[in-house]
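This report concerns only the one structure given below.
Nothing in this text is a laboratory measurement; each read-out follows from the coordinates by a stated rule. Here the structure is a predicted model, which means the values were calculated and not measured. Glycine also receives a Cβ, built like all others from the backbone with ideal geometry; neighbour counts cover every protein chain displayed.
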Amino acid sequence: MKKLLASLFIVTSVITMSACSSDNSASKESSNSSTKETTDVSSGASEQAYTDPKEMKDSYDLVIVGAGGAGMTAAIEAKDAGLNPVILEKMPVAGGNTSKSSSGMNASETKFQKADGITDSNDAFYEETLKGGGGTNDKEMLRYFVDHSADAIDWLDTNGITLDNLTITGGMSEKRTHRPSDGSAIGGYLVEGLLKNVHEREIPIFVNTDVTDIKKNDGTVNEVTVQVQGEKPKEITGKAIVVTTGGFGASKELIEEYRPDLKGYVTTNQEGSTGDGIKMIEKLGGQAVDMDKIQIHPTVQQDKGVLIGEVVRGEGAILVNNDGERFVNEMDTRDKVSAAITDLPDKSAYLIFDQGVRDRAKAIDFYDEKGYVTAGDSIEDLAKAINIPEETLAKTVTTWNSEVADKKDTQFNRTTAMDNDLSKPKYYAIKIAPGIHYTMGGVKINTNTEVLNADNEPIKGLYAAGEVTGGLHGDNRIGGNSVAEIIIFGRQAGQQAAKFVSES
């Protein structure tokens, strides 16, 4: 570690759970800054160490483009397989959208489920995810995904990233959403843990390093063009390339191209999620799929595009309209809950919860710090504070508590996240409306994470993992599956790229 630290400079990142602004105009300018940056990315606080640009070599065994969860996971696996990988990141800090993850990581048949007495199965996970995606998921990818989910939880735990606190997200029948022990948002914890493992293995990680092109030589993808902190572009070669650049949820251009109906929606995405990797891979002949499948998350604070995590509903919150009435099964899939909110006259709603929910969902503390939470000593006080009918809201909560006691939602047939009623003062509300959250589309890969061309044949030397890829989630992503995807397929990309390099 002494050798590593001698070649690193420190960037202090104040990690808060939120989103960067949805205005992307300053993205390139900010990523070219070599000064210390303070960036809103996730919860907690951390010092992030990055490699001095002067240490950058012309060649590495493996070049990984993107320093989110999938990229760092791939780098760790490649290093453990004996390679010398490098990670290149265009933003001033590592983490990408992973930093902003909130609810947790889905996995089935895990040791932590068994310890909690939860009986789950990979088949149930598969079928519920397939149903959530409207049956349009890539079934081969989905099968690999669920069957390797428990191994991914174990791998994280082995590397000091323990996710032993369980909750549930919409569309799932069991508690299979794994999160940190204290119930906090997973994003900052996961990024810190992966970065720690990257540093311990002395894997170079360069930020403010924008990959602008990926090239093929002699039939193999093995070269990238990078611009480091605004300096003259240079070429870096690798024996293979792994692309983990994330989706395009912050690209107004691509959103309007594929879904003009979503023009003007706020986005929860960090400003670097602009689809760069997809564009570069398409230039190499890679196939893009499901590009019009863009997920709208139902609970987004509209001023700053901050995601209000599904964990709030997963721990027992309800949704009410401006008349103080429930209008939907809060634990239905994200597309259905979003549609129900959009159909309301005001196209917005309130999350209503009590102190018990707040105690179990630690992310709420951050929402409160940012000023998004309204409180009341009683339900009537809360209703008055948010200007909705007091008697109606009180009746709604009383009815809900009775139905929780009976374990039967007679109005909307909610069957999950009914372990606790809303009876512990204080009472709270957060005003929300839908926002752009996730892009299900991206480049097509196989279960070996090899990028496929238009003929569904692998492009030699080119691998991809995470939100840059498409097909796994179908029409709609289940909450908690994106974190699982970056770890499961990030591991596979690192392993398969290492195998390719060693056999070349």
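Quick notes on this structure:
- Protection-proxy order for peptides 130-137, 58-65, each taking the mean of Cβ atoms within 10 Å per residue, highest first: 58-65, 130-137
- The chain shape via C-alpha gyration tensor axes, a/c threshold 1.5: prolate
- Peptides 98-106, 417-425 ranked from most to least packed give 98-106, 417-425, packing being the mean of other C-beta atoms within 10 angstrom over each peptide's residues.
- Between residue 347 and residue 391, residue separation times 0.36 nm minus the direct Cα-Cα distance comes to 13.6 nm.
- Förster radius 22 Å - calculated FRET efficiency between residue 111 and residue 196 (Cβ-Cβ, nearest 0.05): 0.50
- Cβ-placed point charges (K, R +1; D, E -1), dipole of the range 89-206 about Cα centre in debye, nearest 20: 340 debye
- Cα gyration tensor, the range 209-259 - rounded (a/c under 1.5), prolate or oblate: oblate
- Backbone N under 20 Å from the residue 426 label point (7 Å along Cα→Cβ), restricted to the range 383-413: 383-390, 393-394, 397
- Listed pairs 90/196; 131/304; 293/336; 54/90; 90/175; 252/444 exceeding 24 Å between Cα atoms: 131/304; 90/175
- Full extension of the chain between residue 303 and residue 323 gives 5.0 nm of extra length, using 0.36 nm per residue less the Cα-Cα distance.
- Model label points for residue 401 and residue 139, set 7 angstrom from Cα along the Cα-to-Cβ axis, are 4.8 nm apart.
- Shape call, the range 211-351: gyration tensor on alpha carbons, a/c limit 1.5: prolate
- Mean separation of Cα pairs under 8 Å and 6 or more residues apart, divided by the residue count, gives the chain a relative contact order of 22 percent.
- Summary value for the range 81-150: 32 percent relative contact order, contacts being C-alpha pairs under 8 angstrom separated by 6+ residues.
- Between the listed residues 413, 316, 433, the Cα displaced farthest toward the positive end of the dipole of the chain, a dipole computed from Cβ unit charges relative to the Cα centre, is found at 433.
- Applying a length cut-off of 18 Å (Cα extent along the axis) and a mean Kyte-Doolittle floor of 0.0 to the DSSP H helices of the chain leaves 186-200, 481-503.
- Dipole moment magnitude, nearest 20 debye, the chain about Cα centre, only Lys, Arg, Asp, Glu C-beta charged: 700 debye
- Sparsely packed trypsin sites (Lys or Arg not before Pro) within the range 216-321, loop by DSSP, other Cβ within 10 Å at most 13: 263
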